[in-house]
Amino acid sequence: MTRTLIIGLDGAPLELIERWAATGDLPHLAGLMERGTYGELRSVMPVLSSAAWVSFMTGMNPGKHGIYDFVQRDLQSYRRRTVRAGSTLAVPTLWQLLGQAGQRVGVVNVPMTYPVEAVNGVLISGLGTPDYRPFTHPPALEEKLRAEGYRVNKRTHFAPGNEQAFLDEVNAITDMQAGAALELLGSEEWDFFMHVIRDPDEMGHFFWAASDPTHPAYTPALAAAYGNALRDYYRKIDGWLGRFLAAVDEETDVIVVSDHGSGPLYKDVSLNEWLRQAGFLHLKEGVSAGSAPKQLLARLGITRQGISKLLRRSGLGRVERWIKDLLGDKIELLAESQRQELSEIVDWSRTRAYSFGYHGQIYLNLAGREAEGIVPVEEYASLCDEICAALGRLVDPADGQPVVSALYRKEELFHGPHLAWAPDITVIMRDLAYITRQGYEFAATPAGLFATPHTHETGSHREMGAILAAGPSFARQGRSQTPANLIDIAPTVLHLHGQPVPSAMDGAVLAEWLTGAGLGEGALSAAPVTSGGETATAPAPAPEWSDEDEETMMQQLRNLGYVE
């Protein structure tokens, strides 16, 4: 029977893999490239790990699985809420389909796999898992992992001045998680096994400029201190890949995949402020920056976010939980952060559009959808046209050049039963070298439309990730000149394992990458790629999700720079 090993490299661009493979720094990745097929891998929109990994595991676009971002707007209150996938998905995952066919699976540290789903094998959840919550199947595995010091989430996060501490934490948690995955690879029976290494993403976010002399944040001092940090981390990744490859036989198909790429980040753009200046969004009468009562304490640093950071830095995470339980709803008397919350200061009775989420997502305040929607359905298309036309005229005064490189209506990108949750307009700015982050446009000290990222990030996401595939099922073709799609991997793996591809999947089998053995009996034209019916699963009852869990997850997203 076919066995497949997938190693996920979150946020790894093919450009860096090719560069350092050519210099001999990544011998194991270079070996896969030499004996298989590799190329760029097109992600989904928005180019975020949340949407991307769920699309990977389901073979579907976000309109079908419902995950567009790490947060989702509450249509009643306009507040942001973190999203969950895992066992709450109403569509099947790749490992669920394989398990239903009697095949054993191992899934380790894949983002968006919390709440943990029961699988035919083992699962350790990844990004999106709250601290102190169950994170394994079977449950007994967690006790063993905790005893060994295993953690899903980092405790040290990037900030200027603590670069080395952050690097030490990244290296430690990479070794911890990869070591646990390798142990399970050797001790469990499996037909499909997957492990995701998360920190190519964060290393790209925070150390891009150190090795990019063209970046405005680059300095000789930065390069001297951390110019090799990104390359050295990829060397570590390659070393772990070598250990995984040594643990499987030559009959195992191996796929290395990244959910998206990375590139330089230059500026944050305050889309809500632009919408306000353009007359599409209005603040409440009497509201000005920092005027809300909560903000008086917030300006002194007394916020839920500030208290949380202090306790976590002091190793008092469990004390934080006790305080939140004690205060209950009274904790809402404190502002979430020093930034004013969009939901509280916008006059929704006069607002026609607002930005929500990461990168560049605009929603209309649509009547019949949002609680206080004012835009009639019959004006939807014309308002989208108006906003897009105005965005096309937006320039950065620093260089006088247009900011927007692409605009998409939701029907151009998504389809499915969850289309209503999609952004009405997706805005791509300078090919993602400029991005927006909902929630801080109306800070106590507004920075205008354009600002250097206050998160100290110098890198961000790109649409094109990477895929490398080698083994008995994959042809030895070298670099493919045609990008594959992230949603193609699930149907390809199902096909290799002799399973029908559900017709609900949007991806296609990568037939041109496969050998005769991978295609099945006969030549390409005769190789059957079977499709099943519309496959759906009843989502498991979601575990209780407390305000504490919500705040824990929101803090994780702040640490990553995904929300403010």
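A few remarks follow.
- Ascending count of other beta-carbon atoms within 10 Å, so fewest first, for V47, V375, V287: V287, V375, V47
- Residues H495, H137 arranged by fewest to most Cβ contacts within 10 Å: H137, H495
- By average C-beta atoms within 10 angstrom, highest first, the peptides 65-71, 227-233: 65-71, 227-233
- 5 angstrom amide H check on L283, placed H, neighbours 5+ away: D347
- Cβ-based exposure ranking for L283, L9, in which fewest neighbours within 10 Å come first: L283, L9
- Cβ-derived FRET efficiency at R0 22 Å, R81 paired with S349, nearest 0.05: 0.45
- Between R243 and R155, the simple label model (points 7 Å from Cα in the Cβ direction) yields a spacing of 2.1 nm.
- Counting 0.36 nm for each residue step from D232 to K284 and taking away their Cα separation leaves a gain of 13.7 nm.
- Legend: calculated FRET efficiency, N162 to Q277, from the Cβ-Cβ distance at R0 = 30 Å, rounded to 0.05, equals 0.25.
- Normalised by residue count, the range 147-201 yields a Cα convex hull volume of 84 Å³ per residue.
- Residues whose amide H comes within less than 5 Å of that of G121, counting only those at least five positions distant or on another chain, are V105 (H built at 1.01 Å from N in the peptide plane).
- Prolate is the label for the range 390-494. Its Cα gyration tensor axes, ordered a ≥ b ≥ c, give a/c of at least 1.5 and a/b above b/c.
- Phi angles of the range 497-514 translate, via the Karplus equation with coefficients 6.51, -1.76, 1.60 and θ = phi - 60°, into HN-Hα couplings of 8, x, 10, x, 8, x, 5, 6, 5, 8, x, 10, 5, 6, 4, 6, 8, 9 Hz per residue; Gly and Pro are given as x.
- Modelled FRET efficiency - R0 51 Å, A221 with A511, Cβ distances, 0.05 increments: 0.50
- Based on alpha carbons, the Rg and Dmax found for the range 1-136 are 17.0, 55 Å.
- Length gained on full extension, V395 to E183: 71.1 nm, using 0.36 nm per residue less the C-alpha separation.
- Of the peptides 458-466, 263-271, 12-20, the ranking by mean beta-carbon count within 10 Å, highest at the top, reads 458-466, 263-271, 12-20.
- Residues with amide H under 5 Å from that of A451, placed H, sequence gap 5 or more: D268
Every read-out reported here was derived from the displayed coordinates using simple, explicitly stated rules and does not represent laboratory data. These figures come from a predicted structure and were not determined experimentally. Cβ atoms come from the backbone with ideal geometry, glycine included; neighbour counts cover every protein chain shown.
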